[in-house]
Structures are given as C-alpha cells and as structure tokens.
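Each reported figure results from applying straightforward, stated rules to the coordinates on display, with no laboratory input. Not measured: the values here are computed from a predicted model. Using ideal geometry, Cβ is built from the backbone for each residue, glycine included, and neighbour counts are taken over all protein chains shown.
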C-alpha cells in the first residue's frame, strides 16, 4: 500500500469529501419516509423504496418553508425531495455522517406515484408475473372463501351483500388487515399468505372501498404483488380505483372495481339460478326416463295385440271368401244345368226335323248322331268324370245346403250308384 | 361416455357440464332404451351431487376468522 498517495490528515480528507459531494448535481428523489426524528435545528429521515434507501436531513427552516400540512412528514408518507448529497465531517467529539441534504420537500402527487408504478408494472410484466394467477382454475361454486379487508368498512358489508344476492351462503374466512397506506402492505401480504395456506380456502378476495392512488399504495407494493402472483389459490382484487389500476389488479386472477363485483367473481355461479336449473334438469331426466319406458311399453302392448288382431282379420277374410266361393259354386251348377237343357232341346228339334225328311237312311244316321250327341250331354257323363249329383230321396235335385238340411236325408248319386247321407 | 357414472364428479362445474351433455343426448331422441336408462341413472346421480353441493352453500352464511377456522378444522379432524 506504500505506493498509494498520502498519508493525509483525516480531517482534511473529510472536508475534501464534503466539498466533492456538494459539487454533485442537485436532483429530486421520490420515496417513502421512514424513521423520522428531529433535533433542534434539523429533521432526519430515510427515504426508501423497494430497491434501496438514502439517509436524509432537512433544516427545520427549509421544512417550514415547504408548507407541508401538520404532521405530513411522517413514516409511510410518499414525498418528493430536492437537494444533493452532503457529508458532515464531524469533529473532535461529533461523529461524521452522510446525508442527502434536502432543501425542498413536498408530498408525492399521483403523477410521481404513477411514474413509479409504471416502472414497477413494466418490470413485473416482463417477468411474466401477470399471467400466473390468470392461469389458475377458479371454482364456480367454492364452499369457503377467504377475504382480506379492513375489519370496519363498507367493503366488508358490500361483499357480504353481494354474496347473499347470488344465493350463496358458504363460509367466509376473514383475515382483517389495515388497508390504508404503504405500511399496510406487509400485513396484507401476511394475511393473504395465511389464507392461502389454509386448504379449505378455495379463493381469496382482497377488498378495499376505494380511495386515491396514495391511499391504495399498499396494493402497489412490489413484495405484496410478487407474493400474490406466486400463490396457487386464485386471488380476486377489489381495491377499486376509478382511474388507474393498482398493481395487485395486474397480478390477481381477476380485478374488480367494487366488492360487489368481487362477490360475483369469487362465486361465479348464481346459486339461486343454479338451483332452478337443477330442478329443470331433474324434471327433464324424469320425463326422459318415464317417456322412454312408457313409449316402449305402449309399443310392446301394441305388438302383443298384433297377432290376435291379424288372426281376426284373416278369419273374416276367409269367411268372406268361403261365402263367395259357395255362391259362385251354386251359380255355376244352375247355369250348367240350364245350358245342358238348351243343348238337348236344340238337338231334339234338329233330329225331329231330319226324321221327318224323305230319306230314311240319312234320317236314321242323323238320328244316331243326335243320340250320340245327346248322350254326351247326359248328366251320367258328368258323373263319370267324378261329379256327384245330390238328390232328395224322391229324386229331386238338391241345389243348396238349406235344401239339403230341409230334406233331412239326401241321396248322393255317383256314376256307378248312389248312397244316402244324413247330417250329423 | 366422458366419465363413469359411479365416480364422484371432480367438481360442480364438471358435474353440470356432464349433466348438460346427458340432457342434450336424451333430447336428441337418438338414445336407445338401454342407453336412455343408463343416462337417466347417471343424470340422477349428478343431480344428487349438484344438489348436495348447492345445499352446502344454501343454509346460513358462516363468518369465521382465520384462527376460528383452524380451530373448527381441528375439531372436525379435517
């Protein structure tokens, strides 16, 4: 180390360091105030955000000139300070110290917060943390839901009213936490984690009744939002801010503007409507079951009746045919007999005419032909072919069943004889 | 068949989805008698399951703090 310059007296070096630092550019810083303390002439605090912190000091005169509201410079306040780095070299008795010497201070406006928010949002989005919760399956009908909110407040009441409107009356597990400012973030984060670690809890609502972005700053806390993003239980955010969404809205599974909407998101099923739909389904099933069996039973019964009906139909048709055949048969016999009589008459007339002629031989021959022809038409010839002639016992022809029954006993004449028959 | 009728549905939404499939199938009129009776049986089981699920959130809304829930779960041995 002997090659290094010096050694210099440390007091001189300390003053040189002070000069160097005071030459650095004056800037504005934005962050959260913590650890505020005061001496007779100065106020001390740390200004910090998630990435780091700087010790700060401001003369009370400068603080008074800033015109902050009474007590505004307090732990948790988001402020913008103007100034530059400074170094107090200390002395024989006093300890040295580094501080950012603030000469101006004002409360951070929404513009300052939004700028920080956007930077953080960009970072978390680039890490894919906005998508994790949205990929989780959300139960349509959870039985137990967890809710992180303030113990007293409209959010609690509105959420319960919303749940009841959906006909839902399961179990709500409350994890109360302050939800007012940035300091609330660790408590909110812890409450969410405790709910998520309870197996019965199927979804978590984080609710607050709205406010300015500064009021909702806890819900933009990086640690809180990273915690939510990594949970395996879906989180529904309802920290309504009308103009700008908080960071928890981005990482949550669902972001709602009001606790009422959160009730609809955490229990997607309208339970009253579901009960009515279920009753309709049950009725449809009953109808389908009964209808299927009933229609088939009717069909089977119809089939069972089918053969009997068909037999009856055939029997009627058969009887009709029988009657028609019988009528036709009677008609045919009568016509045939009349035809034979006409033929015989014609033949006899012709034979008589010829017999009366001068030539006896030819007349005889003609008479013989006539006899042969006549014989061909005799009923006996018909009987020889297998027909039977029904007659009464006195030899009268019987032409129908009625006549046969009336005769009590009839005679059936064959070609080679006759027999008598009686109905039994 | 998407799932066996005798198995408990994995969730209410799965049960409702299957129930809607069954009713659509029955409404189509294309199911034979055996399938119809089987679908009706499965459907009745699903209706019973859904009804039980709805009944579980149909009585009185219960409000617990986290430690109360933990104590309740310990009592019930869940």
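Other protein chain C-beta atoms within 10 Å of residue C-beta, averaged over A:134-146: 3.
Each eigenvalue of the Cα gyration tensor of the stretch A:379-424, multiplied by 5 and square-rooted, gives one semi-axis; in descending order these are 19, 10, 9 Å. Going by neighbour counts of Cβ atoms within 10 Å, the residues A:1, A:230 line up, fewest first, as A:1, A:230. The shape of the stretch A:138-236 comes out oblate: with a ≥ b ≥ c from the C-alpha gyration tensor, a/c is at least 1.5 while a/b does not beat b/c. Rounded to the nearest 10 degrees, the inclination of helix B:66-76 to the longest alpha-carbon principal axis of chain B is 70 degrees.
In whole angstrom, the stretch A:185-254 maps to an equivalent ellipsoid with semi-axes of 20, 12, 10, each derived as √(5λ) from the alpha carbon gyration tensor and ordered largest first. Once divided by 2.2 N^0.38 Å, the Cα radius of gyration of the protein assembly as shown becomes 2.45. Per residue, the convex hull spanned by the alpha carbons of the stretch A:40-126 comes to 115 Å³. Peptide B:13-22 is shielded by partner chain Cβ atoms: per residue, an average of 3 of them sit within 10 Å of its Cβ. According to the square roots a ≥ b ≥ c of the eigenvalues of the Cα gyration tensor, what is the shape class of the stretch A:104-189, taking rounded for a/c under 1.5, prolate for a/b larger than b/c otherwise, and oblate for the remainder? Note, shape of the stretch A:104-189 comes out oblate. Shielding value for A:196-206 is 1, the average number of Cβ atoms from other chains within 10 Å of each residue's Cβ. Take A:295-308, A:369-382, B:32-45 and order them by the average number of nearby Cβ atoms within 10 Å per residue, most first; the result is B:32-45, A:369-382, A:295-308. Based on C-alpha pairs under 8 angstrom that are at least 6 apart in sequence, chain A has a relative contact order of 10 percent.
Take every Cα pair under 8 Å whose residues are at least 6 apart in sequence, average their separation, divide by the length of chain B, and the relative contact order is 35 percent.
The simple spin-label model puts a point 7 Å past each Cα toward its Cβ; for residue A:374 and residue A:399 those points are separated by 2.4 nm. Model label points for residue A:309 and residue A:286, set 7 angstrom from Cα along the Cα-to-Cβ axis, are 3.2 nm apart. As a calculated quantity, the FRET efficiency between residue A:40 and residue A:17 at R0 = 35 Å, using C-beta atoms, amounts to about 0.85. Taking Cα atoms only, the orientation of helix A:10-23 departs from the longest principal axis of chain A by about 50 degrees. Classify the stretch A:12-59 as rounded, prolate or oblate, taking a ≥ b ≥ c as the square roots of the eigenvalues of its Cα gyration tensor: rounded when a/c is under 1.5, otherwise prolate if a/b is larger than b/c and oblate if not. Judged from the Cα gyration tensor, the stretch A:12-59 comes out oblate (a/c at least 1.5, b/c at or above a/b).
For the stretch A:271-377, the calculated P(r) over all alpha carbon pairs, in 5 Å bins from 0 to the bin holding the longest distance, is 2, 9, 8, 7, 6, 5, 5, 5, 5, 5, 4, 4, 4, 4, 4, 3, 3, 3, 3, 3, 2, 2, 1, 1, 1, 0 percent.
Under conditions of 20 °C and 1.002 mPa s, the stretch A:1-90 yields 142 µm² s⁻¹ as its translational diffusion coefficient, taking Rh as the Kirkwood radius over Cα pairs in the Stokes-Einstein equation. Convex hull volume of the C-alpha atoms in the stretch B:12-76, normalised per residue: 104 Å³. Listed by Cβ neighbour count within 10 Å, with the fewest neighbours leading, A:424, A:149 appear as A:424, A:149.
A Förster radius of 60 Å, combined with the Cβ-Cβ distance separating residue A:325 from residue A:295, puts the computed FRET efficiency at roughly 0.85. Placing a label point 7 Å from the Cα of residue B:59 along the Cα-to-Cβ line, the residues of the stretch A:136-166 whose backbone N sits under 17 Å from it are A:143-145. Relative to the dominant Cα principal axis of chain A, helix A:154-165 is inclined by about 0°. Rounded to the nearest 0.05, the FRET efficiency derived from the C-beta distance between residue A:223 and residue A:54 at R0 = 22 Å is 0.65.
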